[in-house]
Amino acid sequence: MKLNVAAKFIPTVEQSTIFRAKHLGVGRVIALKKRLIDGVTNVAVTLAQSTSQPKPKRRAAAALAIGLLLATGLLLVIMTLSINFGATDVAPSTVWASLFNYDATSTQHLIIRTLRMPRVLVAAIVGAILALAGAIMQGLTRNPLADAGLLGIESGAALGVVLAITFFEIKTLNLYSIFAFAGAAVTAVLVYSLGSLGRGGPTPLKLTLAGAMITAFCSSFTSAILILNQQTLDEVRLWLAGTVAGRDLGLIADSLPYVVVGTVLALSLGRSLTAMSLGEDVARGLGQRTGWVKVIAAIAVVLLAGSAVALAGPIGFLGLLVPHIMRFIVGIDYRWLLPYCAIGGALLLVVADIIGRVIVRPMEIPVGVVTALLGGPMFIYLVRWRVQR
Amino acid sequence: MKTFPWITVRPKHARFSLRIDRRLPKVGLIVGLLVLVIMIVNMGVGEYEISPFDVVKTLLGMETGDPQHVLIVRTLRLPRMLLSALVGLALGTSGALLQGLTRNPLADPSIMGINTGAGLVAVVLTILVRNFPARWIPVAAFAGALVAAGLMYVLAWRKGGDSPMRLILIGVGLSAVGSAVTTLVITIGNIYDVQRAMIWLTGSVYGRSWVDFWAFAPWVAIAVPLAWFQARQLNSLHLGEDVALGLGVNVGRQRAWILFVAVALAGASVAVAGVISFVGLIAPHVARRLVGTDHTGLVPTAGMLGALLLVASDWIGRTIAAPNEIPCGLVTAVIGVPFFLTMLYQHAKTK
């Protein structure tokens, strides 16, 4: 009986210690981790010897699975609500009717099908993949401050789009996405290699600063182009703020392959990322082929962050915020953390979109601004309490 | 006899002593001459071409045979050139102080939220409060920079003192929030106002007059010497907090004071010339190559190099796409980043 109680507590102790350890300096982290791993292994070995029943663990898994299902249900409800809100409020029953037996003569059905449904779908997809990308980056680099926006990937995508509009006279949203993709990929590689220079490999500080530098570079280039070209400025300024308004189903269909591949790759990384988040040496010791894990994770991040920017423009802080919230709920097991992040991210972005639409009716605040205003204080809070030196 | 790398100034009756790096006078002289030459060449180019000799003659008050030269050189172009040199000086000095303070080679006013604070205020005033007098925008921008820096310091401070790492990361966070709000204002504003604000956000010394120069000069005249006097405190701080405490430095107060000087310089520059990035980042790095890591030599040299960089950028921006003009803030970013990357790469290789 006593042993069962102990078994329940072990994950929480382990989680919080590792979580705290991740925010200390590198040297201390390694020392702490070694101690921690020794401790945990010892306890685990004793436990395994004394209790042959794996019951508590299964129960935890069952609870997590139920939680995930509930969260998915909540997401669906909120997505329906989001479709209801708008210039003309539509009853939930009409929403379902428009989905399952579409009436081409009804204006309300038309509004739902062409305007509101794509919008909420984009919000959900973008939220999910940005949070996934953020979680992967945080796990891989063991950097609690990693995020596609902070690491400069989104500013690179923005520069790509602005260049496309100015020099190739591209007008359609669907073609923007290719350039957004290219920009995101180039900057992701650049920031990571820049942040890994010098001693100690990619530390949080170096990566964040490399990201900030690349952001500064890309955004001054972007604004220079926009200064010289008023028409481009007018076309692109709303896109630059990050918004999910005015997307059609075709755009979603275009980016779906990347989204699916990226998500599958990301979810398949769960086990490896859990090991990697303990440190590269430990991961190698546990039998991970760290080189491959890194390559796959990098591909997943570029696919996910790239298609997120292609769909909705640069949306900051979501990838930072969601993994941290989810870590409080599910702990550091990436096999659970990743799906939770996907659902949580979708939920957060759909809600942020509703907030942006409701708060200053009839005007709209772009959802990218809403997330930055929610996430910025969270980032500062994290730095304030987690960064010791 | 062994030559020491320092020149020591220690007056018998005065209560101070100075130690200057031996390389400083030579480097300072060369950089200063370069700044002068580029300024003179730059004053000659433009819509109305004037030969460098005529520029010098006009500056010295001699006749050149063209009565327009006096107006063009003295009233139109000279204040702009002097201003760009001073802005560069201020930014370079500020960058050297911030890098020394945070002990981080990537610190820079544009990364640490100071520029964003100023930029946000200016954009809001330009776009939302449409008939806000343009004269007061610099003052408001300066206030914005101060508020941002103050906020950064307060948020990074907690029981047990401040920490350079928190300072810099909170700066990055504030900067991101600030730019989100800036973006919001840009999406809703009138397109003409937005474009005006964008020029300011890139940083330019276009069309600055003697009025602007005299508004800015006092800041430099007061804060730059202050920065030079802080240099030796920076040396102790640079050794680490514990060592600095052991050497008798009041670490908390000294840090706050240096931060204040750095912010005053950066804020005043943003107010007068807009958001010019990378000068504060690059100048100290080059200075470190030239005179070493001692801050008594580093801070002045970084200032001089900042002036050189900005004057050269302004010259490039004026000539490269003539008759169009590229804002010098953009030129600094375009030459700054590749330069910085190669430098980091070499640095990593030698390690």
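The values are calculated or read from the model by the stated rules, or taken from the named source; none is laboratory data. Quick caveat, the model's predicted, so the values are computed rather than measured. When we count neighbours, we look across all protein chains shown, and the Cβ atoms used for this are built from the backbone with ideal geometry, even at glycine. When the accessible area is computed, the model is the full protein with side chains, heavy atoms only, and any ligands, DNA or RNA have been set aside. Shrake-Rupley method; radii C 1.70, N 1.55, O 1.52, S 1.80 Å.
Averaging Cα coordinates gives a centre for the stretch A:254-314 and one for the stretch B:151-199; these two points are 30 Å apart.
Distance from the alpha carbon centroid of the stretch B:51-77 to that of the stretch B:291-310 works out to 31 angstrom. Identify the residues of the stretch B:130-150 with backbone N under 14 Å of a label point that sits 7 angstrom from the Cα of B:ASP193 along the Cα-to-Cβ direction, or state none. Zone members listed by number: B:130-134.
Multiplying the residue separation of B:ILE320 and B:ILE30 by 0.36 nm and subtracting their alpha-carbon distance yields 101.9 nm.
Using only alpha-carbon positions in the stretch B:203-351, the gyration tensor eigenvalues give semi-axes of 30, 21, 11 Å once each is multiplied by 5 and square-rooted (largest first).
Solvent-accessible area assigned to carbon and sulfur over chain B amounts to 67 percent, based on a 1.4 Å probe. Computed extension gain for B:ARG10 through B:ALA221, at 0.36 nm per residue and net of the alpha carbon distance, reaches 73.6 nm. Taking label positions 7 Å along the Cα-Cβ direction at both A:ILE355 and B:VAL56, the computed distance is 6.4 nm, reported to one decimal. Adding -39500 (n - 2.57) for every DSSP H run of four residues or longer, then dividing by how many residues chain B holds, sets the calculated 222 nm ellipticity at -24000 deg cm²/dmol.
In the stretch A:110-150, the residues whose accessible area drops by at least 20 square angstrom when the other protein chains are added to the isolated chain are A:LEU150; the probe is 1.4 Å and only protein heavy atoms count. With R₀ set to 22 Å, the beta-carbon distance separating A:ASP103 from A:LEU76 gives a calculated FRET efficiency near 0.50. Rg over Rh for the stretch B:96-170 works out to 1.08, using Cα positions for both radii and the Kirkwood form for Rh. Stokes-Einstein, applied to the Kirkwood radius of the stretch B:51-194 over Cα pairs at a viscosity of 0.890 mPa s and 25 °C, places its translational diffusion at 136 µm² s⁻¹.
Membrane-span-like helices in chain B: DSSP H runs reaching 30 Å or more (Cα, own axis), mean Kyte hydropathy at least 0.5? Those that pass (Cα extent of 30 Å or more, hydropathy at least 0.5) are B:23-44, B:78-102, B:164-188, B:210-238, B:251-273, B:295-319, B:328-350.
Per residue of peptide B:326-336, the mean number of Cβ atoms on other chains within 10 Å of the residue Cβ is 3. Quarter the surface of the alpha carbon convex hull of the protein assembly as shown and you get the mean projected area, 39.3 square nanometres. Inter-label distance, B:TRP228 to A:ILE329: 6.0 nm, where each label sits 7 Å from its Cα along the C-beta direction. At q = 0.08, 0.09 Å⁻¹, what base-10 log of I(q)/I(0) does the Debye formula yield for the stretch A:54-386 when every alpha carbon is treated as an equal point scatterer in vacuo? One equal scatterer on each Cα of the stretch A:54-386 leads to -0.37, -0.47. Taking Rh as the Kirkwood radius, which is the inverse of the mean 1/r over Cα pairs, what is the Rg/Rh value for chain B? A ratio of 0.99.
Sorted on the mean count of surrounding Cβ atoms within 10 Å across their residues, most packed first, peptides B:146-156, A:236-246 read A:236-246, B:146-156.
Distances over 16 Å make up what percent of all Cα-Cα pairs in the stretch A:100-197? For the stretch A:100-197, the share of Cα pairs beyond 16 Å comes to 68 percent.
For the pair A:SER193 and A:VAL282, label points projected 7 Å from Cα toward Cβ lie 3.0 nm apart.
Based on protein heavy atoms only, the protein assembly as shown ends up with 45 Å² per residue of surface accessible to a 1.4 Å probe. Per residue, the convex hull spanned by the Cα atoms of the stretch A:158-296 measures out at 132 cubic angstrom. Within the stretch B:1-113, the proportion of Cα pairs with more than 21 Å between them is 60 percent. Only protein heavy atoms count here, probed at 1.4 Å, and on that basis chains B and A bury about 4200 Å² of accessible area in total.
Computed from the C-beta positions of B:THR293 and B:ARG22 and an R0 of 25 Å, the FRET efficiency is 0.95 to the nearest 0.05.
The packing ranking of peptides B:272-282, B:331-341, B:47-57, B:235-245, highest mean first, is B:272-282, B:331-341, B:235-245, B:47-57, where packing means the average number of other beta carbon atoms within 10 angstrom of each residue. Annotation: extensible slack from A:SER268 through A:MET378 equals 36.7 nm (criterion: 0.36 nm per residue apart, minus Cα-Cα distance).
The convex hull defined by the C-alpha atoms of the stretch A:152-192 has an orientation-averaged projected area of 2.4 nm². Between the stretch B:211-285 and the stretch A:225-247, the C-alpha centres lie 37 angstrom from each other.
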